[in-house]
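Participant: Quick one: the structure is below, and I'll ask about it shortly.
The values are calculated or read from the model by the stated rules, or taken from the named source; none is laboratory data. Because the structure is predicted, anything quoted here is derived from the model rather than measured. Glycine also receives a Cβ, built like all others from the backbone with ideal geometry; neighbour counts cover every protein chain displayed. Ligands, DNA and RNA are stripped out before the accessible areas are found, and what is left, the full protein with its side chains, is counted by its heavy atoms. Shrake-Rupley method; radii C 1.70, N 1.55, O 1.52, S 1.80 Å.
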Amino acid sequence: MAAKLVYLLTIMPLLLPLRGQCGAAATSCRDVVGAGGAAAAAGRSSGGEAGRKQRQRPQVEGMFVFGSSLVDNGNNNFLNGSGVRADYLPYGVDFPLGPSGRFSNGRNVIDALGELLRLPGLVPPFADPRTRGRAALHGVNFASGGSGILDHTGQLTGEVVSLRQQISNFEAVTLPDLRAQLRAAAATAGDRRIKRQDSFQRCYLSKCLFIIGTGGNDYLLNYFNPRKNGTEGGTPLPEFTRSLITKLSQHLQEKIGEIYSHSERSRVTGEMQRLYALGARKFVIFSIQPTGCTPVVRAFLNITGGACIEPVNHAVALFNSELRRLVDGARSRMPAARLAYIDSYRIIKDMLDHPAKHGVRETGRACCEMSRSSSGVLCKKQGPVCRDRTEYVFFDGLHPTDAVNARIARKGYGSSSPEHAYPINVKELAML
């Protein structure tokens with residue numbers, strides 16, 4: 001004990017100056033980002049609510065979201081050729097903005113998570129031309145309904161933005177925009193530290209969350225789709241799953257080569273590594289939900305009652321297991337990264353297996369009347385909906401209700417159980 005005390009007394013004088021430097025840099029960045037985003041935040045609040053939100057500082061600088069319809073908040077509204085859109089009632093029937101492109105009656109999991117993290121407003125979709133400048137300071141959503149890990153996933157549904165292109169949009173458009181915005185705010189404040197690239201990465205990007213929610217469509221629209229036009233036909237399930245994990249973790253390296261030396265390129269590869277090379281340090285990875293229990297899959301096989309399609313669930317569970325293993329191994333490739341894996345599969349499956357415990361009445365049917373033209377995935381335009389949406393797990397043939405999305409967000413944000421969030425939860429990740 002005495003030796004440890006002597007060591008601490010010796011090392012503390014060396015650490016205190018560093019702590020002061022880091023604290024000053026962090027304060028500077030918060031001031032710059034706060035000044036840049038104040039107008040946007042003020043526009044979303046008024047009166048006492050504005051005062052409360054000023055006292056409750058956001059736990060992260062922002063969220064940048066990549067994935068499919070489970071996390072899409074309106075990007076497909078701007079794709080003329082998209083066959084997967086939620087810009088009509090009954091979508092948004094319980095959402096303050098009405099139909100917005102979210103595939104739910106209300107919030108999606110990103111909205112609910114943003115509330116828990118005290119973000120000053122909704123994360124805007126990248127495809128909206130207004131998502132530039134100050135509007136992007138607290139995050140941007142790049143997700144596209146129908147997309148997957150494989151580039152050709154979703155082609156049967158029309159125009160989609162692939163995961164590869166989503167990250168390219170962040171790199172080519174949003175990242176330079178953010179850098180210019182924060183530099184301008186720093187210049188106005190007379191602070192030169194944020195003007196440096198290392199300060200921008202350390203003070204801003206490293207304090208943002210990068211959220212990835214994808215993979216389900218690669219099974220639903222590709223592996224299990226008899227009409228698919230991909231090239232994966234006949235591939236054994238374990239091999240197909242490994243190919244998805246490989247493509248997610250080892251996909252691209254041409255852009256990274258501009259930043260890292262040739263000897264480092266082999267270590268910094270793939271979509272997550274690509275984001276890492278661009279400055280991302282905190283990742284939230286969502287598992288695939290129990291797709292075999294969704295109304296569209298059950299209806300396709302004419303299953304009634306509470307039974308799920310176990311071969312489909314087995315496939316996505318295999319992917320989820322590999323994804324969790326990827327989180328364990330990511331530190332060797334991205335040493336400064338921290339990751340939180342959110343097990344949406346277990347969270348939803350618990351509600352399906354124990355509905356009474358969660359106040360759920362309907363676990364097998366969709367809340368809305370289904371559209372035949374969407375093969376039972378989407379709601380019928382202007383069609384009827386169930387009266388009490390909180391009693392349903394699924395709003396349409398594939399996507400959860402607001403209540404379920406809120407539960408996934410709460411468990412991912414604050415649960416201490418590794419069955420919900422692993423190895424840490426989102427709140428702990430935000431505090432790092």
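Participant: Only one of ARG333, ARG365 is charged (D, E, K, R) and touching a Pro at 6+ places or on another chain (Cβ under 8 Å); which?
Facilitator: Only one candidate passes the filter, namely ARG365.
Participant: Further question: Among the residues of the stretch 62-84 satisfying the criterion of being surrounded by fewer than 22 Cβ atoms within 10 Å (Cβ to Cβ) and touching a helix residue (DSSP H, G or I) at 6+ places or on another chain (Cβ under 8 Å), which is modelled with the highest pLDDT?
Facilitator: Here the answer is SER82.
Participant: Counting just the residues of the stretch 371-390 that are part of a helix (DSSP H, G or I) and open to solvent by 50 Å² or more (accessible area, probe 1.4 Å), which one comes out farthest from PRO355 (Cα to Cα)?
Facilitator: SER373
Participant: On to the next question. In this structure, is ARG102 within 30 Å of GLN56 (Cβ to Cβ) and open to solvent by 40 Å² or more (accessible area, probe 1.4 Å)?
Facilitator: no
Participant: Go through (1) open to solvent by less than 10 Å² (accessible area, probe 1.4 Å); (2) outside any helix (DSSP H, G or I) for GLY114 and report which single condition fails.
Facilitator: (2)
Participant: Within the stretch 326-338, can you find the residues that are assigned to a loop (DSSP other than H, G, I, E, B) and at pLDDT 90 or above?
Facilitator: PRO335, ALA336, ALA337
Participant: A follow-up question, please. What single numbered condition from (1) open to solvent by less than 10 Å² (accessible area, probe 1.4 Å); (2) in a helix (DSSP H, G or I); (3) not β-branched (Val, Ile, Thr) fails to hold for ASP396?
Facilitator: Result: ASP396 fails condition (2) only.
Participant: Just name the residue that is most open to solvent (accessible area, probe 1.4 Å) out of those in the stretch 288-325 that are part of a loop (DSSP other than H, G, I, E, B) and among the aliphatic types (A, V, I, L, M).
Facilitator: LEU301
Participant: Within the stretch 343-357, can you find the residues that are under 15 Å from ALA403 (Cα atoms) and either assigned to a helix (DSSP H, G or I) or touching an Asp or Glu at 6+ places or on another chain (Cβ under 6 Å) (or both)?
Facilitator: SER344, ILE347, ILE348, LYS349, ASP350, MET351, LEU352, ALA356, LYS357
Participant: List pairs: first residue in the stretch 97-110 and free of Cβ contacts under 8 Å to residues at least 60 places away in the same chain and more than 13 Å from LEU70 (Cβ to Cβ), second residue open to solvent by 20 Å² or more (accessible area, probe 1.4 Å) and among the hydroxyl-bearing types (Ser, Thr, Tyr) anywhere in the structure, Cβ distance under 7 angstrom, at least six positions apart or on different chains.
Facilitator: PRO99/TYR88
Participant: Just name the residue that is most open to solvent (accessible area, probe 1.4 Å) out of those in the stretch 420-432 that are outside any helix (DSSP H, G or I) and in contact with a Lys or Arg (Cβ under 6 Å, 6 or more places away or on another chain).
Facilitator: LEU432
Participant: OK, next. Return the pair list, or none, for Cβ contacts closer than 8 Å from residues in the stretch 405-419 that are open to solvent by 40 Å² or more (accessible area, probe 1.4 Å) to residues that are among the basic types (Lys, Arg), at least 6 apart or on different chains.
Facilitator: GLY414/LYS427; GLU419/ARG346
Participant: VAL360 - would you say it is β-branched (Val, Ile, Thr), surrounded by fewer than 21 Cβ atoms within 10 Å (Cβ to Cβ) and assigned to a helix (DSSP H, G or I)?
Facilitator: Considered against the rule, which asks whether it is β-branched (Val, Ile, Thr), surrounded by fewer than 21 Cβ atoms within 10 Å (Cβ to Cβ) and assigned to a helix (DSSP H, G or I), VAL360 comes out as no.
Participant: Would you point out which residue out of GLY383, GLY376 is small (Gly, Ala, Ser) and at pLDDT 95 or above?
Facilitator: After ruling out the rest, the residue left standing is GLY383.
Participant: While we're here: Could you grab me the full set of residues in the stretch 124-145 that are among the aliphatic types (A, V, I, L, M) and open to solvent by 10 Å² or more (accessible area, probe 1.4 Å)?
Facilitator: Correct list: ALA127, ALA135.
Participant: For ILE348, indicate whether it is more than 15 Å from PHE394 (Cβ to Cβ), modelled with pLDDT of 95 or more and among the hydrophobic types (A, V, I, L, M, F, W, C).
Facilitator: no
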